[in-house]
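K.L.:
One structure, pasted below without further comment.
The values are calculated or read from the model by the stated rules, or taken from the named source; none is laboratory data. No experiment lies behind these values; they were computed from the predicted model shown. Using ideal geometry, Cβ is built from the backbone for each residue, glycine included, and neighbour counts are taken over all protein chains shown.
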Amino acid sequence: MTPAGRLLLGVLLLSPFESLDAWTQHATQSSRSPRLDHVAHAATEVGTPATVLGALLGIALFTGAPGPATARYALAVLVPLNATVEVIKRVTDRTRPDGRHTPSNASFPSSHAANAFALAAVLGRRWRRGVPVFWVAAAVVGWSRIYLNRHFLSDVLGAAILGVAFAWLVARWFRSRGWLPAS
């Protein structure tokens, strides 16, 4: 791990979080079942780029006049979010819970969770009645990454914060230019 990565992890993953990560990983891995494996794999698929881009294309084409604006807003959130996540992954260089270690695909933060929570914020802005469903879906995607032993709890929580923050920042920026109505 790079010195900058150690410093960033030291700030983000203070001892209580590391203990919580270890406890959550142990509790989750010891309670796995074939039935939940199917749910977790399906939830993880929701966060793949192909699924996300396909959903945004569907939103742009089939959800009326606001559809293209919603898809543009989502892409304006997801592109810089994913670039930031990739930089953080390389800086932190955190080994995944399953022991895999590659700097380009480090554990912290979870890109699946970052995307899921960013999309929950974006879609919740467009379809207010769906807000609970969007947030639960994002939480399930985050849980799936922990359940499948690909991320620690802190990876998912950090990613959730990043995703929501990017959605909020882009919404403010779009509103300042008149591209989104005030919410």
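K.L.:
Need the failing condition index for Ser154 against (1) over 22 Å from Ile59 (Cβ atoms); (2) of a type in the set (Ser, Thr, Tyr); (3) over 13 Å from the mean Cα position of the chain (by Cα), just the number.
P.N.:
(3)
K.L.:
Restricting to helices (runs of 4 or more DSSP H) lying wholly in the stretch 72-183: which have 3 or more residues that are without any contact (Cβ under 8 Å) to a residue 60 or more places away in the chain and either among the polar types (S, T, N, Q) or more than 17 Å from Ala43 (Cβ to Cβ) (or both)?
P.N.:
The qualifying helices (runs of 4 or more DSSP H) are 111-126, 153-176.
K.L.:
Continuing with this model, one more query. Working only within the stretch 43-61, note down all residues that are under 15 Å from Ala139 (Cα atoms) and either modelled with pLDDT of 95 or more or of a type in the set (Gly, Ala, Ser) (or both).
P.N.:
Ala43, Gly47 - these are the residues of the stretch 43-61 that are under 15 Å from Ala139 (Cα atoms) and either modelled with pLDDT of 95 or more or of a type in the set (Gly, Ala, Ser) (or both).
K.L.:
Going through Ala171, Ala159 one at a time, which residue ends up being under 23 Å from Thr24 (Cα atoms) and either hydrophobic (A, V, I, L, M, F, W, C) or modelled with pLDDT of 95 or more (or both)?
P.N.:
Being under 23 Å from Thr24 (Cα atoms) and either hydrophobic (A, V, I, L, M, F, W, C) or modelled with pLDDT of 95 or more (or both) holds for just one of Ala171, Ala159, which is Ala159.
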